[in-house]
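**Student:** Just dropping this structure here.
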């Protein structure tokens, strides 16, 4: 049994995403953990997944940290040549254009682009915006009600225009990724849903899904913590209404977890 | 205290500093502490404070000297190479008895080294931050919550003892996210009758100065300051013990490596090894009293650090020669894994266990 089978089916709205998916948002809302989950889950669905690490802002806690596991899952990772080195330089992988084109032309392919935080991180998308806009694409604006500087829906909404300006892209969906890491409970999820619905309303952009992290016991990939088990049960039994609820694993971890 | 939010260590340091009454921040960007400066640049204009990106780290520390002399709660931050540049200014602050908070989010060294986390600046922070006979109080948080709480303590102790205070973190602590409850905004700030706020013709001049034209005056000042250091050594030691009651092997680790060491201790206990962890929270003053208290059961000590072996010197100073003291470390930006530390515990146990 692995984590995927515990988490259950992924929402159909995620399976139906177009072949080019951009993930952006405020620093630390959980873009990378969401992108990793989406990459693993679409790969498990039989899709040929390319994950682009487009973070030119922060050299810590990025998709490239997961290179070996991604490769083992058959996912192609495109990261800056400087990733996982001590070079802190804003480099882009040369194969990104062709990966976007390939995702469009090849049946079953999907390209997920994990951008850096805020308008600064979104800037790197601008270079590819023309190509991205040439075909079907989704631009997911990830929000988290418990990030300190964007606790109010209006604060989260206010950041988007800056990111759209620098990326030359328009958000197509809001993704609710409200969590408190392994301290996520029902009240956190509930609050996140209300928050994200309000952000979506202000922006007039539809809410795609709500990600709910399920923490595993230390060192395990399949044994849920009692709190995570309880959280999953209350959502499964509809005690907690959650439209397009997406149970996700916590891949972005600390060395002692 | 408010509700829990998710923050990076760097952000929590900045947000808590503002709540502790810091209204002046001077800095210069460097990975892995840049989020602290970025946060300050956003928040300071909103609270009527000053964020100033200086032209260099040396300028920033001298601005801190100026703000501190004028009685403000002020802070600067950097990472290892940048902190080295601040050494001169910190010595001047110590020489002028000025309070201020300096944050070091350590990275690999020496030189430009690496942008990855390290604890290679222990000696610098606790022994050699600058020239002259001086110390600074050094706090070593190991959670984002502690980073927020310790900034309050740092400002308080700086004002109480009239000394620079350092928060010694590392790239991992600065960059990682954890739930945190930010402390409430501070009420009254302490009076600073010594501050250079203008005499208004009513009092003698207050002067912030570290130059003494008469050697005996300088010596007298140093002796007076040394008495303050004695009080700090006596009153301000802080540490946390974990499974120490019957510990035959005592790990000593601070900051990020204490989180790793703690995981390793839990695993080793499952194997029946009597091991515990002493975590220094203050690095200067080093928690000698708490370490001495472990001598009754300890057969060996293991100092776990992200460096080539620095704090291990302080452990040996306390433990002496009768009990073996070893060091386990990874360095240059490498973070040890709990399993590596566990292996070091096993082999030490094999050596000293009956």
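**Student:** Please go through the stretch B:280-298 and pick out each residue that is in a loop (DSSP other than H, G, I, E, B) and either modelled with pLDDT under 95 or in contact with a strand residue (DSSP E or B) (Cβ under 7 Å, 6 or more places away or on another chain) (or both).
**Tutor:** Of all residues in the stretch B:280-298, those in a loop (DSSP other than H, G, I, E, B) come to B:281, B:285-287, B:293-298.
Once the filter is applied, which keeps residues that are in a loop (DSSP other than H, G, I, E, B) and either modelled with pLDDT under 95 or in contact with a strand residue (DSSP E or B) (Cβ under 7 Å, 6 or more places away or on another chain) (or both), the stretch B:280-298 yields B:281, B:286, B:287, B:294, B:298.
**Student:** Please verify whether the stretch B:31-44 includes one or more residues that are surrounded by fewer than 24 Cβ atoms within 10 Å (Cβ to Cβ), at pLDDT 95 or above and more than 14 Å from chain A (Cβ to nearest Cβ).
**Tutor:** no
**Student:** Taking residue B:268 as the residue in question, decide whether it is within 30 Å of residue B:174 (Cα to Cα) and assigned by TED's automatic domain parsing to the domain that holds residue B:313.
**Tutor:** Details: within 30 Å of residue B:174 (Cα to Cα): yes; assigned by TED's automatic domain parsing to the domain that holds residue B:313: yes.
Considered against the rule, which asks whether it is within 30 Å of residue B:174 (Cα to Cα) and assigned by TED's automatic domain parsing to the domain that holds residue B:313, residue B:268 comes out as yes.
**Student:** Can you tell me which residues in the stretch A:35-58 are crowded, with 24+ Cβ neighbours inside 10 Å and within 14 Å of another protein chain (Cβ to nearest Cβ)?
**Tutor:** Answer for the stretch A:35-58, where residues must be crowded, with 24+ Cβ neighbours inside 10 Å and within 14 Å of another protein chain (Cβ to nearest Cβ): just A:55.
**Student:** Just to be sure, is residue B:20 within 22 Å of residue B:146 (Cβ to Cβ), away from chain A (no Cβ under 14 Å) and surrounded by fewer than 24 Cβ atoms within 10 Å (Cβ to Cβ)? I'd like the intermediate steps shown before the answer.
**Tutor:** Working: within 22 Å of residue B:146 (Cβ to Cβ): yes; away from chain A (no Cβ under 14 Å): yes; surrounded by fewer than 24 Cβ atoms within 10 Å (Cβ to Cβ): yes.
Yes.
**Student:** Is it the case that residue A:189 is within 12 Å of chain B (Cβ to nearest Cβ), part of a helix (DSSP H, G or I) and touching a residue at least 40 places away in the same chain (Cβ under 8 Å)? Before you say what the answer is, go through the steps one by one.
**Tutor:** Values: within 12 Å of chain B (Cβ to nearest Cβ): no; part of a helix (DSSP H, G or I): yes; touching a residue at least 40 places away in the same chain (Cβ under 8 Å): yes.
No, not satisfied.
**Student:** Can you confirm whether the stretch A:220-239 contains a residue that is part of a strand (DSSP E or B), touching a helix residue (DSSP H, G or I) at 6+ places or on another chain (Cβ under 9 Å) and within 14 Å of chain B (Cβ to nearest Cβ)? Walk me through it before giving the result.
**Tutor:** Step one: list which residues in the stretch A:220-239 are part of a strand (DSSP E or B), which gives A:224.
Filter again for touching a helix residue (DSSP H, G or I) at 6+ places or on another chain (Cβ under 9 Å), leaving A:224.
Still in the running and within 14 Å of chain B (Cβ to nearest Cβ): none.
The answer is no; no qualifying residue exists.
**Student:** Scanning for something crowded, with 18+ Cβ neighbours inside 10 Å, within 14 Å of another protein chain (Cβ to nearest Cβ), part of a loop (DSSP other than H, G, I, E, B) and under 15 Å from the mean Cα position of the chain (by Cα), does the stretch A:110-126 turn up at least one residue?
**Tutor:** Looking through the stretch A:110-126, at least one residue is crowded, with 18+ Cβ neighbours inside 10 Å, within 14 Å of another protein chain (Cβ to nearest Cβ), part of a loop (DSSP other than H, G, I, E, B) and under 15 Å from the mean Cα position of the chain (by Cα).
**Student:** On to the next question. Just the residues that are buried (at least 16 other Cβ atoms within 10 Å of the Cβ), within 14 Å of another protein chain (Cβ to nearest Cβ) and over 24 Å from residue B:128 (Cβ atoms), please, taken from the stretch B:281-337.
**Tutor:** B:335, B:336
**Student:** Collect the residues in the stretch A:240-257 that are part of a loop (DSSP other than H, G, I, E, B) and either within 14 Å of chain B (Cβ to nearest Cβ) or closer than 16 Å to residue A:40 by Cα (or both), keeping them in residue-number order. Spell out the reasoning first.
**Tutor:** If we filter the stretch A:240-257 for residues that are part of a loop (DSSP other than H, G, I, E, B), which is where we start, we get A:240-244, A:250-257.
Result: A:250, A:251, A:252, A:253, A:254, A:255, A:256, A:257.
**Student:** Could you please give the count of residues in the stretch B:79-107 that are part of a loop (DSSP other than H, G, I, E, B) and surrounded by fewer than 24 Cβ atoms within 10 Å (Cβ to Cβ)?
**Tutor:** Residues flagged as part of a loop (DSSP other than H, G, I, E, B) and surrounded by fewer than 24 Cβ atoms within 10 Å (Cβ to Cβ) within the stretch B:79-107 amount to 2.
**Student:** I would also like to ask the following. Out of (1) touching a helix residue (DSSP H, G or I) at 6+ places or on another chain (Cβ under 7 Å); (2) farther than 30 Å from residue B:112 by Cα; (3) more than 14 Å from every other protein chain (Cβ to nearest Cβ); (4) not in a helix (DSSP H, G or I), what's the single condition that is false for residue A:129?
**Tutor:** Going through (1) touching a helix residue (DSSP H, G or I) at 6+ places or on another chain (Cβ under 7 Å); (2) farther than 30 Å from residue B:112 by Cα; (3) more than 14 Å from every other protein chain (Cβ to nearest Cβ); (4) not in a helix (DSSP H, G or I) one by one, residue A:129 breaks only (4).
**Student:** Let me ask another. Select, from A:180, A:214, A:208, the only residue that is within 29 Å of residue A:9 (Cα to Cα), within 12 Å of chain B (Cβ to nearest Cβ) and in contact (Cβ under 8 Å) with a residue 12 or more places away in the chain.
**Tutor:** Only one candidate passes the filter, namely A:180.
**Student:** Any residue in the stretch A:169-178 that is in a helix (DSSP H, G or I) and either out of contact with any helix residue (DSSP H, G or I) (no Cβ under 6 Å at 6 or more places or on another chain) or farther than 30 Å from residue A:225 by Cα (or both)? Break it down into steps so the answer makes sense when it comes.
**Tutor:** Let us first name the residues in the stretch A:169-178 that are in a helix (DSSP H, G or I), namely none.
For the stretch A:169-178, residues in a helix (DSSP H, G or I) and either out of contact with any helix residue (DSSP H, G or I) (no Cβ under 6 Å at 6 or more places or on another chain) or farther than 30 Å from residue A:225 by Cα (or both): absent.
**Student:** Please return the ranges of strands (runs of 3 or more DSSP E) entirely within the stretch B:166-279 where 3 or more residues are more than 14 Å from chain A (Cβ to nearest Cβ) and surrounded by 15 or more Cβ atoms within 10 Å (Cβ to Cβ). Don't jump to the end; show me each part of the working.
**Tutor:** Details: elements: B:177-181, B:239-242, B:249-252.
By residue number, B:239-242, B:249-252.
**Student:** Those residues that are over 18 Å from the mean Cα position of the chain (by Cα) and closer than 22 Å to residue B:259 by Cβ, I need them from the stretch B:301-330; list them, please. If you could, list the steps in order and put the result at the bottom.
**Tutor:** Of the stretch B:301-330, the ones over 18 Å from the mean Cα position of the chain (by Cα) are B:301-302, B:308, B:316-330.
Passing the criteria: B:301, B:302, B:308, B:325, B:326, B:327, B:328, B:329, B:330.
**Student:** Pick out the one residue from A:161, A:90 that is within 14 Å of another protein chain (Cβ to nearest Cβ) and surrounded by fewer than 19 Cβ atoms within 10 Å (Cβ to Cβ).
**Tutor:** Working: A:161 fails: within 14 Å of another protein chain (Cβ to nearest Cβ).
The match here is A:90.
The values are calculated or read from the model by the stated rules, or taken from the named source; none is laboratory data. Quick caveat, the model's predicted, so the values are computed rather than measured. Cβ coordinates were reconstructed from backbone atoms using ideal geometry, including for glycine residues, and neighbour counts include every protein chain displayed.
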